[in-house]
Amino acid sequence: MLRLPYTRYEKLYVYHLDATELPPLKDPDLIGNWVEDGNPILFFHRPKEKLIEELCRRHGCRLIYQADLDYTDWEAGQRIEPFTINGITVAPCWDKQGAEIVLDPSVIFGSGFHPSTRLCMETLIDYCRKEKSGLDSMLDLGAGTGLLSVTGAHLGFDRITAIDNNPLACEVAAKNVALNGYEKRIEVRCSDLRAEPPATEVDLVVANLYPALLAGIFEHHSFWQAKLYMFAGFIPSMEEELLAALPDRIRMIERKRSERWCLWVLQPISEMPDQQKGATPNGSPL
Ligand SMILES: C[S@@+](CC[C@H](N)C(=O)[O-])C[C@H]1O[C@@H](n2cnc3c(N)ncnc32)[C@H](O)[C@@H]1O
């Protein structure tokens, strides 16, 4: 993430090592250490060949690959700039004037430009405005930059837990929570959802995750305690399998699509108004 003297991202220098563990690095040009399958992927603002050679020598590891690219290429060609969704403006920390939400997107998923993030944000805002009084606590699974959690706090959620298994995502999410002044309302937790299914004694669960992980989580009986669920991160061809993984007592109350990406809003039958309880199994519009 950004640390002075850096105030924005221009170039990224990326080094993937086969080390199992590295001590924390103090390099002033470090953006962060993304851990993938236990291996570090180090991101810098400047080339770091000498440092990497030294790390490999000291820790007996090898460079698996190295890349340098423009930040816009890392963000799929998208320039990261302010945008507004349903009246809420999100801006990167280098261009934050007048924004309700300020974000250091770093190199983490959740800059706000992916259709699945946007679907989640838009739906979160819609439901909060619709169900004003009923939603107070929220679980953000696969929080990335923490944008959805920060949006939740901005909308008035009082108790939010943001979970991610990538330590760099957790660091960035914690920074974004602080940038927006929500430290008392959002707890960022670094945890692997495959190993530890989350406790869902909350009003709302938002999860923008890959489908296999969602399907695994759906299997846990204890996962279905929340009042409302929003799931995203999948495309239409993956929906049938996911739908089959849902328990019987869960109904789909809304399905949205943006480009190829889908979002479902689900509710346990016990939480539904009586007239909706007889809907088609899983309310499927597929
Ligand atoms: C598609 S991104 C969503 C980020 C953000 N919530 C958004 O909507 O833009 C999914 C996130 O889930 C995290 N993730 C993937 N597998 C995970 C796991 N097993 N446990 C916890 N988090 C995981 C990734 O690190 C990534 O940040």
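Glu81 passes all but one of (1) touching a strand residue (DSSP E or B) at 6+ places or on another chain (Cβ under 6 Å); (2) under 30 Å from Leu119 (Cβ atoms); which number fails? Status for Glu81: all satisfied but (1). The residue that is surrounded by the fewest Cβ atoms within 10 Å (Cβ to Cβ), among those in the range 28-44 that are modelled with pLDDT of 95 or more and either farther than 13 Å from Tyr13 by Cα or more than 23 Å from the chain's Cα centre (by Cα) (or both), is Pro28. Taken residue by residue, the range 195-206 has at least one member that is touching a Pro at 6+ places or on another chain (Cβ under 9 Å), over 29 Å from Leu25 (Cα atoms) and assigned by TED's automatic domain parsing to the domain that holds Met138. Comparison of Glu49, Glu54, Glu75 shows that the only residue that is surrounded by 13 or more Cβ atoms within 10 Å (Cβ to Cβ) and of a type in the set (Asp, Glu) is Glu75. Every test in (1) more than 9 Å from the ligand (Cβ to nearest atom); (2) part of a helix (DSSP H, G or I) is passed by Pro105 save one, and that test is (2).
Considered as a group, the residues in the range 144-184 that are farther than 14 Å from Met1 by Cα and hydroxyl-bearing (Ser, Thr, Tyr) include one that is farthest from the ligand (Cβ to nearest atom), and that residue is Tyr182. Step by step: first the residues of the range 90-100, then only those that are closer than 18 Å to Ile186 by Cβ and in contact with a Gly (Cβ under 9 Å, 6 or more places away or on another chain), then the one that is farthest from the ligand (Cβ to nearest atom). Which residue is that? It comes out as Glu100. Report, by residue number, each residue of the range 9-26 that is modelled with pLDDT under 95 and among the charged types (D, E, K, R). Of everything in the range 9-26, those that are modelled with pLDDT under 95 and among the charged types (D, E, K, R) turn out to be Asp18, Glu21, Lys26. The set of residues from the range 117-143 being near the ligand (Cβ under 8 Å from one of its atoms), more than 18 Å from Glu81 (Cα to Cα) and in contact (Cβ under 8 Å) with a residue 60 or more places away in the chain comprises Cys120, Asp140, Leu141, Gly142.
The set of residues in the range 154-181 that are at pLDDT 95 or above and under 11 Å from the mean Cα position of the chain (by Cα) comprises Ala162, Ile163, Asp164, Ala169, Cys170, Val172, Ala173.
Of all positions in the range 207-222, none carries a residue that is within 12 Å of the ligand (Cβ to nearest atom), farther than 19 Å from Glu241 by Cβ and not charged (D, E, K, R). Among the residues making up the range 1-53, those that are in a loop (DSSP other than H, G, I, E, B) and touching a Gly at 6+ places or on another chain (Cβ under 9 Å) are Met1, Ala19, Thr20, Glu21.
Applying the criterion of at least 2 residues that are in contact with a helix residue (DSSP H, G or I) (Cβ under 6 Å, 6 or more places away or on another chain) and surrounded by fewer than 23 Cβ atoms within 10 Å (Cβ to Cβ) to the helices (runs of 4 or more DSSP H) found wholly in the range 135-241 leaves 211-218.
Yes/no per residue for (1) out of contact with any His (no Cβ under 6 Å at 6 or more places or on another chain); (2) over 30 Å from Glu100 (Cβ atoms):
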| site | (1), (2) |
| --- | --- |
| Met1 | yes, no |
| Tyr6 | no, no |
| Pro23 | yes, yes |
| Asp27 | yes, yes |
| Glu36 | yes, yes |
| Glu49 | yes, yes |
| Cys61 | yes, yes |
| Tyr65 | no, yes |
| Asp70 | yes, no |
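Looking for something without any contact (Cβ under 8 Å) to a residue 40 or more places away in the chain, within 14 Å of the ligand (Cβ to nearest atom) and farther than 22 Å from Leu155 by Cα - is there at least one such residue anywhere in the range 63-75? Yes - at least one qualifying residue is present in the range 63-75. Condition test on Thr84, is it part of a strand (DSSP E or B), more than 15 Å from the ligand (Cβ to nearest atom) and of a type in the set (S, T, N, Q)? Criteria met by Thr84.
The values are calculated or read from the model by the stated rules, or taken from the named source; none is laboratory data. Since the model is a prediction, treat every value here as computed from it, not as a measurement. All Cβ positions, even for glycine, are placed from backbone atoms using ideal geometry, and neighbour counts span all protein chains on display.
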